[in-house]
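Working notes, structure below.
Rule-based calculations on the coordinates, nothing more; no lab input. The model shown is predicted, which means the values in this text are computed figures rather than measured ones. Every residue, glycine among them, receives a Cβ derived from its backbone with ideal geometry; neighbour counts consider all protein chains shown.
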């Protein structure tokens with residue numbers, strides 16, 4: 001804990017020079033990690049792809065103090081649990097949040113790999129829970145409110161975020177800690193939700209739980225089955241013509257939220273495909289940000305300038 005506090009102090013002592021800082025998620029040693037020869041690498045293309053993540057971090061993007069609303073969000077980029085689309089579903093999104101006055105934290109979570117970790121199916125959510133724990137425990141230092149910390153995820157990152165929103169009472173990794181791990185809200189953008197046969201994304205399922213996962217495991221990680229009346233309020237975006245992650249993933253999660261009287265808002269676009277991120281340059285599709293901003297304001301997560 002002293003090491004963690006020292007790192008947080010370092011973040012804020014250098015804040016005058018930079019509004020971003022990458023913080024080790026597990027400064028005292030990464031749990032469930034195995035000795036391995038993997039080297040994290042970046043592949044540039046139409047999007048930036050981060051491969052072989054075994055050392056998870058949290059990158060803080062903090063808004064100016066005079067603009068900060070006190071809300072915070074932890075962002076989980078997508079990539080089928082095989083890569084991280086770290087820029088357009090991570091850092092770019094964090095900068096948008098800062099423009100709204102919200103503190104954003106991009107989670108570089110570990111990608112499941114039998115050669116690098118034990119119990120690979122719980123490792124990503126273990127990292128997410130640690131990120132929630134870190135932000136909530138250090139809320140004063142980050143300038144955020146403990147009861148306004150949400151999670152956001154894109155595609156497989158949406159599966160991770162929805163896992164965080166529905167498995168927060170599970171003692172993942174047998175951590176002895178009493179910090180509240182329930183997110184206060186969740187934002188799911190073209191999310192993977194189910195591993196059941198009808199609408200699942202094969203790549204995400206096989207990467208996380210394997211192609212021969214038991215029915216019990218499949219149901220455990222089909223998060224529409226895990227919704228309760230205490231699941232956080234949720235905002236969902238999807239496109240009908242998404243051929244990668246079927247729109248039924250969002251629809252089924254939304255219906256489960258309604259069944260349990262959880263506040264929820266969903267916007268489904270006729271076209272847009274998959275992986276559009278902020279949808280810059282796509283006039284019709286980019287309106288999801290306007291709807292999202294209104295939702296944030298309705299929940300007092302940003303200052304309503306209207």
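Structure above, values below:
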read-out	value
Order of 269, 109 - criterion: other Cβ atoms within 10 Å of each residue's Cβ, fewest first	269, 109
Fraction of beta bridges assigned by DSSP in region 47-136 that are antiparallel (%, nearest 5)	65
Centre separation in Å (Cα based) which lies between region 159-221 and region 105-141	13
Dmax and Rg, reported as Rg then Dmax, of the chain (C-alpha, Å)	18.0, 54
Label point at residue 298 placed 7 Å out along Cα→Cβ; residues across region 265-279 whose backbone nitrogen lies under 17 Å	265-269
Computed log₁₀ I(q)/I(0) - Debye formula, equal Cα scatterers, no solvent, region 213-257, q 0.13, 0.28 Å⁻¹	-0.34, -1.03
Unit Cα scatterers, Debye sum, region 168-221: log10 I(q)/I(0) for q = 0.13, 0.25, 0.26 Å⁻¹	-0.46, -1.03, -1.04
Region 218-306: equivalent-ellipsoid semi-axes (sqrt of 5 x gyration tensor eigenvalues, Cα, Å)	23, 20, 9
The chain: most fluctuating residue of 42, 102, 189 per GNM, C-alpha cutoff 10 Å	42
log10 of Debye I(q)/I(0), alpha-carbon scatterers only, for region 31-174 at 0.11, 0.14, 0.20 Å⁻¹	-0.39, -0.63, -1.20
Choice from 279, 71, 131 showing the highest fluctuation, given a GNM over the chain with Cα pairs closer than 10 Å	279
Chain lengthening between residue 261 and residue 170 when straightened (0.36 nm per residue, less Cα-Cα)	30.6 nm
Estimated FRET transfer efficiency when R0 is 35 angstrom, pair residue 196-residue 32 (beta carbons, to 0.05)	0.85
Which of 144, 262 has the fewest Cβ neighbours within 10 Å, and the rest in rising order	262, 144
Calculated on alpha-carbon atoms, Rg and Dmax of region 15-74 in Å	15.6, 45
Least to most buried among 20, 240, 178 (fewest other Cβ within 10 Å first)	178, 240, 20
Over 19 Å [Cα-Cα, region 149-280], rounded percent	46
Full-stretch length increase - residue 146, residue 214 - with 0.36 nm per residue and alpha-carbon distance subtracted	20.8 nm
Beta bridges per DSSP with both ends in region 2-298, % antiparallel, nearest 5	45
Sequence-separation-based contact order of region 2-298, relative, with Cα cut under 8 Å and 6+ spacing, percent	14
Candidates 247, 151, 187: whichever shows maximal mean-square fluctuation once the chain is modelled as a Gaussian network with Cα springs under 10 Å	247
